[in-house]
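Let me begin by presenting the structure, written as structure tokens, before commenting on it.
The values are calculated or read from the model by the stated rules, or taken from the named source; none is laboratory data. The model shown is predicted, which means the values in this text are computed figures rather than measured ones. FYI the Cβ positions are ideal-geometry reconstructions off the backbone, even for glycines, and counts take in every protein chain you see.
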Amino acid sequence: MSNYYSLYLHIPFCRHRCAYCDFNTYSGQDEFIPAYVKALCDEIRYVGQIAPYRLTVHTIYFGGGTPSLLSTTDIENILKSCYETFNVLSEAEISLEANPGSITLEWLQTVRRLGVNRLSLGMQSAHPDDLRLLERQHDFFDVSQAVRWARRAGFDNINLDLIYGIPHQSLARWRDTLERALGLHPEHLSLYALTIEHATPFYHWVARGLVPPPNDDLAAEMYEWADERLSQAGYLQYEISNWARQRGTDVLMCRHNLQYWRNEPYLGFGAGAHGFANHTRTANVRGITTYIDRLSQRIERSFPLTPATEQAQVIDPLTEMQETMLMGLRLTREGVSRQRFEQRFHRSLEEVFGPTINSLVSLGLLKWHGERLCLTSRGRLLGNRVFMEFVSSPAS
Ligand code: SF4
């Protein structure tokens with residue numbers, strides 16, 4: 001496992017709950033932001049006190065929720081806690097998710113000065129009908145303005161999140177969204193198929209027949225068209241849902257998310273945040289006030305647990321190997337390296353998963369590229385089936 005850590009910082013505040021969202025986030029709770037930021041800083045510092053040594057950090061990610069609802073002073077205080085607690089590399093990637101429409105040029109200039117060097121904007125669609133149905137609070141003008149301001153503020157690494165497979169969205173409308181996104185020249189694009197999550201307004205609308213359910217065939221057509229169009233436009237696909245441009249010899253992949261896909265260690269701070277360190281997966285309490293309360297108590301925990309940890313599960317070696325396959329195969333170019341796997345687990349890929357790999361290779365779903373095992377293009381479309389084979393695969 002890598003010696004480098006990643007930090008995920010969860011900011012669970014939103015202006016409005018979008019109809020499809022099942023993230024741990026709340027609207028109308030902004031009064032708790034100051035106490036929450038203090039608790040977040042306390043949780044970060046707590047880990048500094050119990051960690052076995054000063055950990056080296058190479059990526060930090062402000063996710064949510066809507067991190068762009070925080071003031072620049074909040075961001076500064078949180079980053080200060082990270083710098084005081086960890087050995088944050090000078091070239092660390094520091095990403096922040098922002099909602100177009102909730103940021104100003106001045107805010108962007110300040111957070112850029114504070115060290116944030118990657119901005120991820122939730123564009124979702126260029127079409128007002130899609131945005132209305134999703135209950136997003138911005139329009140395409142807000143997105144293009146946010147990108148213009150971000151460039152002026154010095155951001156040279158911008159991601160746009162898009163959603164396809166939205167009810168009533170035609171292929172032509174999706175193409176228009178992608179073309180308009182390309183016109184903004186982002187370094188990175190994440191494309192997600194809309195999924196209908198339980199207990200969201202969307203779920204109830206579909207259940208009551210008010211909105212048609214997602215059309216999987218149309219969504220697959222949208223994905224395939226986007227894949228072709230993005231490759232023509234010079235973007236490299238590196239993960240099932242993610243594409244990046246090249247700068248010199250660098251592909252501008254999201255280094256923070258690579259940490260998850262490579263099944264490397266990360267610490268999650270904030271309400272509902274998840275972490276993985278010391279072969280232990282952790283999940284924090286979800287409620288904002290419960291989280292703040294937990295951090296005000298002097299509960300004794302040992303690394304990587306904190307007073308906010310609600311669940312901790314030690315991952316046995318077989319599960320860790322299975323998870324490494326599941327997540328690593330999402331990386332369409334990198335796949336799972338035979339050599340890295342063996343260095344990490346002291347067992348060969350063939351020894352542990354030989355029959356599963358052979359059968360998926362013969363079905364044309366997996367392919368060896370030298371020493372790397374990757375999904376084929378057919379395997380990408382049937383990703384879940386491939387992943388399930390590894391989960392149910394008995395260790396040899
Ligand atoms: S802004 Fe993002 S996190 Fe907040 S409710 Fe909408 S989709 Fe969810």
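When 7, 40 are checked against the criterion of being in contact with a strand residue (DSSP E or B) (Cβ under 6 Å, 6 or more places away or on another chain) and farther than 20 Å from residue 289 by Cβ, 7 stands alone in meeting it.
Applying the criterion of being among the hydroxyl-bearing types (Ser, Thr, Tyr) and touching a strand residue (DSSP E or B) at 6+ places or on another chain (Cβ under 9 Å) to the residues of region 324-355, the residue that is nearest to residue 277 (Cα to Cα) is 324. In region 180-191, the residues that are in the same structural domain as residue 147 (by TED's automatic domain parsing) and under 12 Å from residue 140 (Cα atoms) form Cβ pairs under 8 Å with partners that are modelled with pLDDT of 95 or more and not in a strand (DSSP E or B), at six or more places apart or across chains, as follows: 180/126; 180/140; 181/126; 184/143; 184/144; 184/147. Say whether the condition of being away from the ligand (no atom under 16 Å from the Cβ), farther than 18 Å from residue 194 by Cα and either part of a helix (DSSP H, G or I) or in the same structural domain as residue 23 (by TED's automatic domain parsing) (or both) is met by at least one residue in region 158-166. The answer is yes; a qualifying residue exists. Residues in region 168-186 that are more than 29 Å from residue 118 (Cβ to Cβ) and in a helix (DSSP H, G or I): 2 in all.
Within region 64-92, the set of residues being surrounded by 21 or more Cβ atoms within 10 Å (Cβ to Cβ) and either farther than 23 Å from residue 303 by Cβ or within 16 Å of the ligand (Cβ to nearest atom) (or both) comprises 64, 65, 66, 67, 68, 70, 75.
Report whether or not residue 2 is in contact with a Lys or Arg (Cβ under 9 Å, 6 or more places away or on another chain) and away from the ligand (no atom under 16 Å from the Cβ). In short, yes. Can you pull out every residue in region 260-284 that is of a type in the set (S, T, N, Q) and more than 25 Å from residue 238 (Cα to Cα)? Those that are of a type in the set (S, T, N, Q) and more than 25 Å from residue 238 (Cα to Cα): 278, 280, 282, 284. It is to be established whether one or more residues within region 223-237 are within 21 Å of residue 38 (Cα to Cα) and assigned to a strand (DSSP E or B). No, that holds for no residue. Residues of region 175-223 that are within 28 Å of residue 154 (Cβ to Cβ) and either at pLDDT below 95 or aliphatic (A, V, I, L, M) (or both): 178, 181, 182, 184, 189, 191.
Just one residue in the set 49, 29 is over 23 Å from the mean Cα position of the chain (by Cα) and within 13 Å of the ligand (Cβ to nearest atom); that residue is 29. Taken together, 199, 219 contain a single residue that is assigned to a helix (DSSP H, G or I), closer than 27 Å to residue 25 by Cβ and either in contact with a strand residue (DSSP E or B) (Cβ under 8 Å, 6 or more places away or on another chain) or not acidic (Asp, Glu) (or both), which is 219.
Looking across region 96-148 at every residue that is of a type in the set (Asp, Glu) and closer than 20 Å to residue 179 by Cα, the one that is farthest from the ligand (Cβ to nearest atom) is identified as 129. In region 1-23, what residues are crowded, with 20+ Cβ neighbours inside 10 Å and part of a loop (DSSP other than H, G, I, E, B)? Result: 12, 18, 20.
Regarding residue 123, is this residue assigned by TED's automatic domain parsing to the domain that holds residue 246, closer than 21 Å to residue 15 by Cα, surrounded by 22 or more Cβ atoms within 10 Å (Cβ to Cβ) and in contact with a Phe, Trp or Tyr (Cβ under 9 Å, 6 or more places away or on another chain)? Even if it seems obvious, please write down each step before you answer.
Values: assigned by TED's automatic domain parsing to the domain that holds residue 246: yes; closer than 21 Å to residue 15 by Cα: yes; surrounded by 22 or more Cβ atoms within 10 Å (Cβ to Cβ): yes; in contact with a Phe, Trp or Tyr (Cβ under 9 Å, 6 or more places away or on another chain): yes.
Considered against the rule, which asks whether it is assigned by TED's automatic domain parsing to the domain that holds residue 246, closer than 21 Å to residue 15 by Cα, surrounded by 22 or more Cβ atoms within 10 Å (Cβ to Cβ) and in contact with a Phe, Trp or Tyr (Cβ under 9 Å, 6 or more places away or on another chain), residue 123 comes out as yes.
When 263, 257, 242 are checked against the criterion of being on the phi > 0 side of the Ramachandran plot and crowded, with 17+ Cβ neighbours inside 10 Å, a single residue qualifies: 263. Could you tell me whether any residue of region 327-350 is over 23 Å from the mean Cα position of the chain (by Cα) and aliphatic (A, V, I, L, M)? Scanning region 327-350, I find at least one residue that is over 23 Å from the mean Cα position of the chain (by Cα) and aliphatic (A, V, I, L, M), so the answer is yes.
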